[in-house]
1. I'm trying to understand the selection: among the residues of region 342-359, which are surrounded by 15 or more Cβ atoms within 10 Å (Cβ to Cβ) and in a helix (DSSP H, G or I)?
2. With respect to residue 276, is the statement that it is under 25 Å from residue 227 (Cα atoms) and assigned to a strand (DSSP E or B) true?
3. Criterion first (farther than 29 Å from residue 329 by Cα, assigned to a loop (DSSP other than H, G, I, E, B), under 24 Å from the mean Cα position of the chain (by Cα) and not assigned by TED's automatic domain parsing to the domain that holds residue 25) does residue 189 satisfy it?
4. If we keep just the residues of region 289-309 that are assigned to a helix (DSSP H, G or I) and at pLDDT below 95, which is surrounded by the fewest Cβ atoms within 10 Å (Cβ to Cβ)?
5. For region 193-234, what are the residues that are without any contact (Cβ under 8 Å) to a residue 40 or more places away in the chain, under 26 Å from the mean Cα position of the chain (by Cα) and in a helix (DSSP H, G or I)?
6. Do we find a residue being at positive phi, surrounded by 20 or more Cβ atoms within 10 Å (Cβ to Cβ) and not assigned by TED's automatic domain parsing to the domain that holds residue 17 anywhere in region 222-229?
7. Restricting attention to region 236-279, and to residues there that are at positive phi and surrounded by 15 or more Cβ atoms within 10 Å (Cβ to Cβ), which single residue is farthest from the chain's Cα centre (by Cα)?
8. If you take just the strands (runs of 3 or more DSSP E) that sit entirely in region 16-99, which of them hold at least 3 residues that are touching a strand residue (DSSP E or B) at 6+ places or on another chain (Cβ under 7 Å) and under 26 Å from residue 306 (Cα atoms)?
């Protein structure tokens, strides 16, 4: 019997982000008869720690400091000798550790967002001019030397080729997966404590951060409220919670828009939504859009590389090219005012989500790992 390939995923932690959840889902689903699986985290913390399969070796650094993480990871590579290492974030630390280890595992970068958009994001210190130039130089020096770059959408891949001049043949486009049976099961749970009073329900979900552009959503809802009643639920937590609450109050929407915090089961909300709204400045891959579609929710989203890959205009939802309140409010109104069209979008959205089913995505990762190790 041939030896199993050792695949190691490396992440800063397992906190509640789309990349972390995707990593856990993919790792758990890899065929254990063909792959020895391990997950290395710099900090043993996060909401998804408990979701890692007991069959996956979960390893954490003894100390997570800027200067020790590379040395510790290099020692782990020397001791365990993984065949393929996939880094979700912390790309340069992982690449440096692979070189330092002397074992030269095949390093794969999982690129979740367009690099150029990420470098403009004020949530991260990389948007400062000096740091941004350093990051750009590191990308240009490092990415051509890794075994492969997995881009979550064609838009992420196009950013790497056009802005950073990475050769297209070094990029593999694989979307993030959704666990459709899990979503279907959990979406059926009862929704307690929400009284819509017969009003249509709008649901939004995501980190309360600058990139998600909640001020645009609140202003769009203010305009929408002029012509129709609704209830809007925002699922998520983050550093901008206070300012978003203030924006809701300033728009006079305290009785219409509610912040619901982080939800372990957002799908029971999505399944009852008349429309799912996403106002992100950019998305590499809109995980929540696919999840909402799997729940049968028509979607209205701002256009960006990750949303254009997912939403089929007019069939599964609407894309708003102009990231402004008036056109976004008009798109919400168009969906809410046309029940037959909304029902058609709901059916099409459920069917379209099948493209991103977990088994299909994992098959593509397994094929990539076997190809790299050949």
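The values are calculated or read from the model by the stated rules, or taken from the named source; none is laboratory data. None of the values given here were measured: they were computed from a predicted structure. Because the Cβ atoms are built from the backbone with ideal geometry, glycine has one as well, and the counts that use them run over all protein chains shown.
1. Within region 342-359, the subset surrounded by 15 or more Cβ atoms within 10 Å (Cβ to Cβ) is 342, 344-346, 348-350, 352-353, 356-358.
Listed by number, the residues that qualify are 342, 344, 345, 346, 348, 349, 350, 352, 353, 356, 358.
2. On the way: under 25 Å from residue 227 (Cα atoms): yes; assigned to a strand (DSSP E or B): yes.
Answer is yes for this residue.
3. Details: farther than 29 Å from residue 329 by Cα: yes; assigned to a loop (DSSP other than H, G, I, E, B): yes; under 24 Å from the mean Cα position of the chain (by Cα): yes; not assigned by TED's automatic domain parsing to the domain that holds residue 25: yes.
So residue 189 passes the test.
4. Taking region 289-309 as the starting set, the residues that turn out to be assigned to a helix (DSSP H, G or I) are 289-294, 305-309.
With at pLDDT below 95 added as a condition, the list becomes 305-309.
Values: 305: 23, 306: 30, 307: 24, 308: 18, 309: 22.
Step by step, filter region 289-309, then rank; the result is 308.
5. Matches in region 193-234: 215, 218.
6. If we filter region 222-229 for residues that are at positive phi, which is where we start, we get none.
Checked against the condition, which is being at positive phi, surrounded by 20 or more Cβ atoms within 10 Å (Cβ to Cβ) and not assigned by TED's automatic domain parsing to the domain that holds residue 17, region 222-229 yields no hits at all.
7. At the first step, the residues of region 236-279 found to be at positive phi are 236, 238, 252, 261.
With the extra rule that they be surrounded by 15 or more Cβ atoms within 10 Å (Cβ to Cβ), the set shrinks to 236, 238.
Values: 236: 13, 238: 15 Å.
By that ranking, first place goes to 238.
8. Working: elements: 35-41, 57-60, 84-88.
It comes to 84-88.
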